[in-house]
Structures are given as C-alpha cells and as structure tokens.
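Have a look at the structure below, then the notes.
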Amino acid sequence: MYVCLCKGITDTQITDAVAGGATNLRQVRKALGVASQCGKCGVLTQEIINETLSMH
Ligand code: FES
C-alpha cells in the first residue's frame with residue numbers, strides 16, 4: 001500500500017528501511033525521501049516505523 005503519494009513510497013519500503021537499520025523518521029526520510037514534500041504521510045510513516053521496531 002502506498003504511504004507517501006508524493007514520492008510513491010509503500011509501507012514495504014518503509015519496513016525494509018527500518019530492517020536495514022533506520023530507527024527514526026529522519027533516517028527513513030533520508031533513505032527514501034518519504035515525507036519530504038507535503039509531509040502528510042509523516043504520521044503514518046512514524047506509526048509504521050514504531051510498529052516495525054517493536055516487532056524486531
Ligand atoms: Fe509523502 Fe506528500 S505524501 S510527502
């Protein structure tokens with residue numbers, strides 16, 4: 001599912017970035033460019049990051 005429409009980024013890409021070592025929104029943004037335009041996806045992105053971190 002698309003989380004960030006501006007950049008066309010999916011939840012899977014975000015989970016992968018966290019699995020690859022990103023631990024916060026800033027790092028995921030740096031890696032993928034998510035939440036770098038309108039910013040509306042920031043909250044959902046943060047939720048996915050938290051969820052993924054709590055699973056590992
Ligand atoms: Fe992600 Fe706009 S939807 S920056």
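Quick notes on this one:
- Count of residues meeting criterion [β-branched (V, I, T), within 14 Å of the ligand (Cβ to nearest atom) and more than 9 Å from the chain's Cα centre (by Cα)] in region 10-47: 1
- All positions within region 24-37 that are open to solvent by less than 80 Å² (accessible area, probe 1.4 Å) and either assigned to a loop (DSSP other than H, G, I, E, B) or in contact with a Cys (Cβ under 9 Å, 6 or more places away or on another chain) (or both): N24, L32, G33, V34, A35, S36
- Residue match in region 3-13 (condition: assigned to a helix (DSSP H, G or I), crowded, with 17+ Cβ neighbours inside 10 Å and of a type in the set (A, V, I, L, M)): no
The values are calculated or read from the model by the stated rules, or taken from the named source; none is laboratory data. Note that the structure is a prediction, hence the values are computed from the model and not measured. Note that each Cβ is placed from the backbone with ideal geometry, even for glycine, and that neighbours are counted across all protein chains shown. Accessible surface is based on the protein model in full, side chains and every heavy atom, while ligands, DNA and RNA are left aside. Shrake-Rupley method; radii C 1.70, N 1.55, O 1.52, S 1.80 Å.
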